[in-house]
1. Taking the condition of being in a helix (DSSP H, G or I), of a type in the set (Asp, Glu) and closer than 27 Å to Ser141 by Cβ, how many residues in the range 13-52 meet it?
2. Give me the pairs: first residue in the range 116-129 and of a type in the set (D, E, K, R), second residue surrounded by 17 or more Cβ atoms within 10 Å (Cβ to Cβ) and in a helix (DSSP H, G or I), beta-carbon distance under 7 Å, and six or more apart or on different chains, which are they?
3. Which pairs have Cβ atoms under 8 Å, sit 6 or more apart or on different chains, and link a residue in the range 10-33 that is more than 20 Å from Ala52 (Cα to Cα) to one that is part of a helix (DSSP H, G or I) and of a type in the set (Ser, Thr, Tyr)?
4. Is one or more of the residues making up the range 9-16 more than 15 Å from the chain's Cα centre (by Cα) and on the phi > 0 side of the Ramachandran plot?
5. Does Gly110 qualify as being at pLDDT below 95, exposed (fewer than 13 other Cβ atoms within 10 Å of the Cβ) and more than 30 Å from Asp16 (Cα to Cα)?
6. Taking Lys79 and the conditions (1) in a strand (DSSP E or B); (2) among the charged types (D, E, K, R); (3) surrounded by 18 or more Cβ atoms within 10 Å (Cβ to Cβ), which numbered condition does it fall short on, given that it satisfies the others?
7. Among the residues of the range 1-12, what is the count of those that are in contact with a helix residue (DSSP H, G or I) (Cβ under 8 Å, 6 or more places away or on another chain) and either aromatic (Phe, Trp, Tyr) or in a helix (DSSP H, G or I) (or both)?
8. Which is among the β-branched types (Val, Ile, Thr), crowded, with 18+ Cβ neighbours inside 10 Å and over 18 Å from the mean Cα position of the chain (by Cα), of Val67, Val39, Val92?
Amino acid sequence: MHLDELNRAILYRLQDGRRSFRRIAEELAVTENTVRARVNRMVESGVLEIRALVEPEAVPGGQLAVVGIKLATMDLVNKGEEISRLKGVVSVKVVTGRFDLIIEVLLTEGFGLLEFYTQEVSRVQEIDSVETFIVYKSYNSKVPLNHKPEKLPGPAVLSGKERN
C-alpha cells in the first residue's frame with residue numbers, strides 16, 4: 001500500500017492514540033468517514049497496527065533485554081519468524097555484523113532471563129550462540145504488554161476507585 005500525503009498526515013496525528021477520527025478529519029479538512037476508511041485500509045493491508053504501548057519500567061518486574069543471536073543456519077527469515085513468536089519477544093531484527101538476529105525481550109515478574117532461555121529459547125533449533133544485554137534505561141522505547149495477566153480482574157475488583 002502506498003502512503004500518500006493524506007495517509008501520512010493521518011498517521012502523524014494517530015501518534016496521539018486518543019485523538020478521535022472526527023478531530024483528525026477537522027484538522028485535515030476531510031470527512032470523518034474518509035479518515036475511518038483510510039485507517040481501516042492501512043490496518044487491513046498491514047501498514048498500520050493499533051495497539052497500546054507502555055514504558056517497560058511500568059510493568060511489574062519490567063526489564064528490557066537485547067539479545068544478539070548467532071545462528072547455525074542461514075535460514076534467517078524463518079528463524080526470525082519462529083523467534084518472534086516466543087513469549088516475551090517484543091521485536092526481532094535480521095542484521096549484519098557479528099549476530100544474525102537482534103531481539104528485544106520484555107522480562108517481567110515471574111518471567112526473567114532464566115525462564116526466557118530455559119522455557120522459550122531452548123525450543124529453537126540451530127542457535128549457535130547468544131549474547132545478552134540488559135537495558136538499564138531506554139528512551140523513546142515503549143513496548144506492547146505481551147504477557148496476559150495470570151488472573152484478569154473481575155467486576156468486584158474493578159469497583160470504585162480501581163476503575164479510575
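1. Counting residues in the range 13-52 that are in a helix (DSSP H, G or I), of a type in the set (Asp, Glu) and closer than 27 Å to Ser141 by Cβ gives 0.
2. Listed by first residue and then by second, the contacts come to Glu126/Lys79.
3. From residues that are more than 20 Å from Ala52 (Cα to Cα), the pairs are Ala25/Thr34.
4. Taking every residue of the range 9-16 in turn, none turns out to be more than 15 Å from the chain's Cα centre (by Cα) and on the phi > 0 side of the Ramachandran plot.
5. yes
6. Status for Lys79: all satisfied but (1).
7. 5
8. After applying the criteria, what remains is Val39.
The values are calculated or read from the model by the stated rules, or taken from the named source; none is laboratory data. Please read all numbers here as calculations on a predicted model, not as lab measurements. No Cβ is skipped: glycine too gets one built from the backbone with ideal geometry, and neighbour counts run over all protein chains shown.
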